[in-house]
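The values are calculated or read from the model by the stated rules, or taken from the named source; none is laboratory data. Please read these numbers as outputs of a predicted model, since none were measured by experiment. In this analysis, Cβ positions are derived from the backbone assuming ideal geometry, glycine residues included, and neighbour counts consider all displayed protein chains.
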Amino acid sequence: MTRPVRKHRNVTKIESTYVQEKEQQIAHKTREKKRLIRRLTAFGVLFVVLTGSLLFTHFNQRAQMSEIQDEHDQKLAELEKHQQENSNLKREVELLSDIDYLLQIARKDYFFSKDGEIIFKLPDEDPSY
């Protein structure tokens, strides 16, 4: 069963210093609770924002590091390729300074021959028949 709700209270408040002090203490406690909740909320929001910005920065730096590492690996492969090409070119320079090698190339590619020698050029491919 429910009680009927009264529209007017017939009870009056006691107006004494003790009651006023208690009401002030209760009001002070409620204000302190509100301040505490506001402070905790502010620190919580600050913590979330700070953590979010740190995580964002961390993942950005990881992505940049990954890109730089990929670029570094690519440059190392390119350097190795150029070093190999450089060593091949040095070897070719050494061979081209050798007169016997130059004569061999001249005979093979430009059909120079020794006195009394006849050169026949044969096809490199196998016949198709």
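Against the test of being of a type outside the set (A, V, I, L, M), modelled with pLDDT under 85 and surrounded by 10 or more Cβ atoms within 10 Å (Cβ to Cβ), the options Lys108, Lys81 yield a single qualifying residue, Lys108.
Per-residue answers, yes or no, for (1) surrounded by 10 or more Cβ atoms within 10 Å (Cβ to Cβ); (2) at pLDDT 95 or above:
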| position | (1), (2) |
| --- | --- |
| Ser53 | yes, yes |
| Gln61 | yes, yes |
| Leu95 | yes, no |
| Tyr101 | yes, no |
| Phe120 | no, no |
| Glu125 | no, no |
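Restricting attention to segment 86-118 and to residues that are in a helix (DSSP H, G or I) and aromatic (Phe, Trp, Tyr), the residue that is nearest to the chain's Cα centre (by Cα) turns out to be Tyr101.
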